[in-house]
1. What lysines could a cross-link reach from residue 117, if we take a straight Cα to Cα line under 29 Å and drop same-chain neighbours fewer than 8 places away?
2. Using Cα-Cα distances under 8 Å and only pairs 6 or more residues apart, what relative contact order does the range 35-145 have, in percent?
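Each value in this text was obtained by applying a stated rule to the coordinates, not by laboratory testing. None of the values given here were measured: they were computed from a predicted structure.
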Amino acid sequence: MCKMGLSMQIYLRHAFDQVSAAMYNLRFHRSIMGSDMYAVIKTGGKQYRVEAGEKIRIEQILADIGSELVIDQVLMVADGDNVSMGQPLVDGATVKATVLGQGRHDKVRIFKMRRRKHYQKHQGHRQNYTEIQITAFLHKGKTYHGT
């Protein structure tokens, strides 16, 4: 049994309910009110679900601020009920983006310790990123721009 007080348990339960409700609302909003067209792209070894007009932070790409990027590694494109899945990439699909800036994420602190052995190790790491804004999708001769 947990040794925290009843008020703390109620507070944590309430906070958990708020977070889960917010996550549900976000998923519901994206599925119902979101854009009709979205894509899943791969860059920097990671996959991102993107819509036109959306700003995302990806792994660092050496590009000037304001320059145009063309991402050709598109894994999936959805346009309403029409879904095109690649094996592994969708043929002829590209995503255009504009570089907004370069930066570094918050510091991740690493602390290692062996108890009773007088061993402690402190490390820190800040990952570089490139912030981009998705401007357009091109798929099957159709171009979709954000609002």
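1. Within the straight-line limit of under 29 Å, residue 117 reaches these lysines: 107.
2. With pairs under 8 Å counted, the relative contact order is 30 percent.
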